[in-house]
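Got a structure here, written out as C-alpha cells. Questions coming.
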Amino acid sequence: MLKPPRLDAEETLAGRQEMTSGNASIAYSKGRKGDALIVAVSCRGEGKIKVVVRSAHVSFSQPCVAGENSTDYNQVDLTGADRKGVASVEAPSAVRWSMTIGHGAPVQEESPEKS
C-alpha cells in the first residue's frame, strides 16, 4: 500500500490524499503568515504525474516507476503559500499516488562558503 508521505515534526498538516489512481484535486487549509507550502507526493507505476497548485502559481511533474515507490518533497516559499487552496493532480490510471500537503518554516538556503 502506498501511504501519504510524512511531514517533519515542526510542519503542520494542511491536506492529505490516500492512495489514488487517475486525476484528483485535494483542498488544503491555510497556514501562518510567512509559512512555506510543502507538497509531498509518493507514486508507483509506469508514467508521470503532474501537480498544479494554482493559488501558489506552481506546477511540477514527477516521474513514477513500475514496481517502485518514488517520493518527492517540494517546498514553495512564495507570496500566497500560506493561503488555503487546491492541488490538482493529473495521472495515468496505471499510476497509484498519494499526497501530503503541509505548511512550515521556509528552508534557509546555505550561502556559499568563502575561501
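Those residues that are assigned to a strand (DSSP E or B) and of a type outside the set (A, V, I, L, M, F, W, C), I need them from region 71-88; list them, please.
To start, the set of residues in region 71-88 that are assigned to a strand (DSSP E or B) comprises 71-76, 85-88.
Across region 71-88, the qualifying residues are 71, 72, 73, 74, 75, 85, 88.
Also: Could you check region 78-89 and list, in sequence order, the residues that are more than 14 Å from residue 12 (Cα to Cα), over 9 Å from the mean Cα position of the chain (by Cα) and buried (at least 16 other Cβ atoms within 10 Å of the Cβ)?
85, 89
Could you tell me whether residue 86 is in contact with a helix residue (DSSP H, G or I) (Cβ under 9 Å, 6 or more places away or on another chain) and closer than 23 Å to residue 2 by Cβ?
When the stated conditions are applied, residue 86 passes them.
Looking at this structure, is residue 11 out of contact with any Lys or Arg (no Cβ under 7 Å at 6 or more places or on another chain) and surrounded by 15 or more Cβ atoms within 10 Å (Cβ to Cβ)? It would help to see each step written out before you state the result.
On the way: out of contact with any Lys or Arg (no Cβ under 7 Å at 6 or more places or on another chain): yes; surrounded by 15 or more Cβ atoms within 10 Å (Cβ to Cβ): yes.
For residue 11, the condition - out of contact with any Lys or Arg (no Cβ under 7 Å at 6 or more places or on another chain) and surrounded by 15 or more Cβ atoms within 10 Å (Cβ to Cβ) - is met.
Could you look through region 14-26, keep only residues that are more than 16 Å from residue 86 (Cβ to Cβ) and not acidic (Asp, Glu), and pick out the one that is surrounded by the fewest Cβ atoms within 10 Å (Cβ to Cβ)? Give the derivation first.
So in region 14-26, the residues more than 16 Å from residue 86 (Cβ to Cβ) come out as 18-19, 21-22.
In the following step, the residues that additionally are not acidic (Asp, Glu) were identified as 19, 21-22.
Details: 19: 15, 21: 15, 22: 13.
Looking at residues that are more than 16 Å from residue 86 (Cβ to Cβ) and not acidic (Asp, Glu), I get 22.
Then there's this: Looking at region 27-48, which of the residues that are among the small types (Gly, Ala, Ser) and loosely packed, with under 13 Cβ neighbours inside 10 Å is farthest from residue 70 (Cα to Cα)?
The qualifying residue farthest from residue 70 (Cα to Cα) is 34.
All of the numbers you see were taken from the coordinates with simple rules; none came from a lab. Here the structure is a predicted model, which is why all the values come from computation and not from measurement. Heads up, the Cβs are rebuilt from the backbone with ideal geometry, glycines too, and the neighbour counts pull from every protein chain shown.
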